[in-house]
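The values are calculated or read from the model by the stated rules, or taken from the named source; none is laboratory data. Fair warning: this is a prediction, and the values are worked out from it, not measured in the lab. Methodologically, a virtual Cβ is constructed for each residue, glycine included, from the backbone with ideal geometry; neighbour enumeration extends over all protein chains shown.
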Amino acid sequence: MFDTLMEIFTLVTGIAYIILEIRQKSLMWIVGVVTALAAMYMFFIQGLYASLALNAYYFAVSFWGLYQWRRDEAKLSAADTFPADARKEGSDVIHLNRMGWGTVAGCAAVFVAGCIVLHFVLGYLGDSMTDLDAAVAMMSAVATYMLSRSYLQQWLLWIVADALSAVLCATQGMWWMTALYVLYTASAAYGYVYWRRRGIYLEEPRPQDTAGTGAQISERRQ
């Protein structure tokens with residue numbers, strides 16, 4: 001009974017988290033701390049150690065992400081080159097940073113190296129879904145870093161990671177968690193569209209320095 005209640009609690013806080021993430025509200029990181037603690041318990045009792053470690057990572061990175069978003073919000077508020085309505089506190093405008101090719105390469109290298117290491121570590125620990133758990137963990141870890149930096153492309157990683165997480169939870173009979181990750185997958189697709197439409201880039205590097213799936217949202221809206 002307690003385990004079921006914990007799953008439901010994780011579902012409810014997870015829904016709040018994704019809504020705040022789409023709207024890019026800093027409160028998201030605080031909710032994320034609570035959600036991560038609950039998810040850590042759920043994955044521990046299921047023996048999914050990579051997902052457990054991933055949520056421990058979520059817990060830790062939430063504090064750094066909160067700092068990063070607060071700093072970007074301050075930049076947006078202080079810069080007189082942005083429209084006045086975008087600089088108001090509580091504005092629906094999304095602050096974005098451009099993702100350079102060096103960052104893309106670094107994220108890819110971390111993902112591949114992490115998957116290889118986790119394959120052996122999780123196999124040793126007796127993880128019930130070694131390769132899938134490792135891939136989800138590393139993809140989500142990279143996406144969370146990208147989220148903390150307000151990169152638009154993070155939503156594309158979340159679509160894949162959340163869909164795989166839904167499969168992972170379904171194979172373990174964790175139906176409330178499966179429902180949560182299905183919702184996450186749909187929300188990630190919506191989040192990409194929402195950020196693409198409402199985003200304003202905080203800087204304008206040279207075109208050859210950027211990796212772009214994002215729209216040219218940085219044009220100043222009148």
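Here segment 116-131 is the region considered, the condition is being assigned to a helix (DSSP H, G or I) and of a type in the set (A, V, I, L, M), and the residue that is surrounded by the most Cβ atoms within 10 Å (Cβ to Cβ) is LEU118.
Answer yes if at least one residue in segment 165-185 is outside any helix (DSSP H, G or I) and at pLDDT 90 or above, and no otherwise. No - not one qualifying residue is present in segment 165-185.
Could you tell me whether any residue of segment 195-211 is closer than 29 Å to PHE9 by Cβ and at pLDDT 90 or above? The answer is yes, given that some residue of segment 195-211 is closer than 29 Å to PHE9 by Cβ and at pLDDT 90 or above. Scanning segment 154-174 for residues that are without any contact (Cβ under 8 Å) to a residue 24 or more places away in the chain and under 18 Å from THR13 (Cβ atoms), we see that the one that is farthest from the chain's Cα centre (by Cα) is CYS169. Of the residues making up segment 141-199, those that are more than 21 Å from LEU48 (Cβ to Cβ) and of a type in the set (S, T, N, Q) are SER148, SER150, GLN153, GLN154, SER187. As for segment 1-18, it holds at least one residue that is surrounded by fewer than 20 Cβ atoms within 10 Å (Cβ to Cβ), closer than 30 Å to GLY173 by Cβ and at pLDDT 90 or above. Residues in segment 168-203 that are closer than 22 Å to LYS75 by Cα and hydroxyl-bearing (Ser, Thr, Tyr): TYR194, TYR201. Just one of the numbered conditions (1) among the aromatic types (Phe, Trp, Tyr); (2) crowded, with 18+ Cβ neighbours inside 10 Å; (3) at pLDDT 85 or above is not true of PHE82: (3). Scanning segment 19-51 for residues that are surrounded by fewer than 22 Cβ atoms within 10 Å (Cβ to Cβ), free of Cβ contacts under 8 Å to residues at least 24 places away in the same chain and under 27 Å from GLY123 (Cα atoms) yields LEU37, MET40, PHE44.
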